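Working notes, beginning with the structure itself.
The values are calculated or read from the model by the stated rules, or taken from the named source; none is laboratory data. Here the structure is a predicted model, which is why all the values come from computation and not from measurement. Glycine gets a Cβ as well: all are built from the backbone with ideal geometry, and neighbour counts include every protein chain shown.
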Amino acid sequence: MRMFRTIRNVHERTVEAPAQAVGALLDRLSSPHDPAWPAPAWPPMRFDRPLGVGADGGHGFVRYGVTAYEPGRRVRFDFNPPMSGHHEFVIEPLGQDRCRLRHTLEAERRGAMLLGWALAVRWMHDTVLEELFDNVERCATGTVRSPVRRSPWVRLLSRLMWERAAATEIPAGARLARTAFERTDYGDAWRMRMRPGMPQDPESWRGVLRGAPFPVVGREGGEMLLGEDAGHLDFRASILVDDRHVTLSTVVRIHNWRGRLYWSLVKRVHPFMARTMLRRIHRRLALAAPTAAERGQRPANPAVPQTN
């Protein structure tokens, strides 16, 4: 017999603001100026088109599509296979200057998925929703009466499940890295997706080489080049930041047999170190960034139409 269970999870909060104002915030979910979704601390909600029926996307590894949308009042998302179920936001007016925001999740979980929900997903889901409610309350009222605090378990899960850096070609935009040497004996690149609110100044990412404070040897646009020359080899590290990605590229020029011997040992651990350092600073900067509501987003104003 297959083990399965329908999970029902409900979060709700009373907000001392008109339902129309809170609805205007709900209508901006997944938009470039979304003041509610708790990014960059969590993967952003993204769709293949503006919020509306038929939009497909999700957040992180959770994929779903919009199946019902009543602007300013309700939006429902149905999970993509192999998951089965839905989640939705509903705003209920409680008077002229008060409303209730509710999120309901119903999903069928089987076997290992049920265990994953109990051990990890539920705890992260609950935190994401409460942080989203905090953002809505802060935007709509200017304050949060009782902000959520992450438990040690959620902080550990966040660390363990943070996205990994992916191998890539040295990007065309990394011009300083590509032209650093007339001859390059080794090159690699690792990149991660930028999240809303993360700094786009390469200087902010300089700590990626923490413990090895190489001097800056060049800057151009969104790229910073660090490095050092030695008798056996020359080393350059490029940090390139754009709207979509941050990329750490490395190029090496070897001079002699000592350099070849040294690099033959170092290159065995270099890829692991590069992607680990990039992932570490990516998480650190994401957690240090202001929340969506704190980043000076436009205030909720029902008289001003919001666009995705």
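Numbers at a glance
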quantity: Matching residues in segment 68-79 - criterion: being out of contact with any helix residue (DSSP H, G or I) (no Cβ under 8 Å at 6 or more places or on another chain), within 14 Å of residue 105 (Cα to Cα) and not basic (Lys, Arg); calculated: 77, 78, 79
quantity: Flag if residue 85 is outside any loop (DSSP other than H, G, I, E, B), in the same structural domain as residue 46 (by TED's automatic domain parsing), out of contact with any helix residue (DSSP H, G or I) (no Cβ under 7 Å at 6 or more places or on another chain) and over 30 Å from residue 290 (Cβ atoms); calculated: yes
quantity: Yes/no for residue 53 being over 22 Å from the mean Cα position of the chain (by Cα), surrounded by fewer than 21 Cβ atoms within 10 Å (Cβ to Cβ), over 20 Å from residue 130 (Cβ atoms) and not hydroxyl-bearing (Ser, Thr, Tyr); calculated: yes
quantity: Residue check for residue 67: farther than 23 Å from residue 291 by Cβ, assigned to a strand (DSSP E or B), more than 22 Å from the chain's Cα centre (by Cα) and hydroxyl-bearing (Ser, Thr, Tyr); calculated: yes
quantity: Segment 239-265: number of residues that are more than 16 Å from residue 171 (Cα to Cα) and either modelled with pLDDT under 95 or polar (S, T, N, Q) (or both); calculated: 2
quantity: Qualifying position, being of a type in the set (A, V, I, L, M), in the same structural domain as residue 78 (by TED's automatic domain parsing), surrounded by 15 or more Cβ atoms within 10 Å (Cβ to Cβ) and assigned to a helix (DSSP H, G or I), among 90, 136, 148; calculated: 136
quantity: Exclusive hit being in contact with a Ser or Thr (Cβ under 9 Å, 6 or more places away or on another chain) and either under 17 Å from residue 278 (Cα atoms) or assigned by TED's automatic domain parsing to the domain that holds residue 11 (or both), set 127, 143; calculated: 127
quantity: Check on residue 69, free of Cβ contacts under 8 Å to residues at least 24 places away in the same chain, buried (at least 16 other Cβ atoms within 10 Å of the Cβ) and farther than 17 Å from residue 132 by Cβ; calculated: yes
quantity: Those residues of segment 159-178 which are surrounded by 18 or more Cβ atoms within 10 Å (Cβ to Cβ) and within 19 Å of the chain's Cα centre (by Cα), in sequence order; calculated: 165
quantity: Flag for residue 33 being farther than 26 Å from residue 194 by Cα, surrounded by fewer than 20 Cβ atoms within 10 Å (Cβ to Cβ) and assigned by TED's automatic domain parsing to the domain that holds residue 93; calculated: no
quantity: Counted residues, segment 35-63 - those being modelled with pLDDT under 95 and among the acidic types (Asp, Glu); calculated: 0
quantity: Looking only at segment 246-294, and only at residues there that are out of contact with any strand residue (DSSP E or B) (no Cβ under 8 Å at 6 or more places or on another chain) and among the polar types (S, T, N, Q), the one that is nearest to residue 162 (Cα to Cα); calculated: 276
quantity: Residues of segment 251-281 satisfying the condition of being assigned to a strand (DSSP E or B) and crowded, with 21+ Cβ neighbours inside 10 Å; calculated: 251, 252
quantity: Subset tally (residues that are farther than 13 Å from residue 249 by Cα and either outside the structural domain of residue 248 (by TED's automatic domain parsing) or not hydrophobic (A, V, I, L, M, F, W, C) (or both)) for segment 175-201; calculated: 10
quantity: Output for segment 145-179, where each listed residue is β-branched (Val, Ile, Thr) and in contact with a Phe, Trp or Tyr (Cβ under 9 Å, 6 or more places away or on another chain); calculated: 148, 154, 168
quantity: Strands (runs of 3 or more DSSP E) contained in segment 1-59 and holding at least 1 residues basic (Lys, Arg), closer than 25 Å to residue 110 by Cα and touching a residue at least 24 places away in the same chain (Cβ under 8 Å); calculated: 4-15
quantity: Count of segment 188-200 residues which are outside any loop (DSSP other than H, G, I, E, B) and crowded, with 17+ Cβ neighbours inside 10 Å; calculated: 5
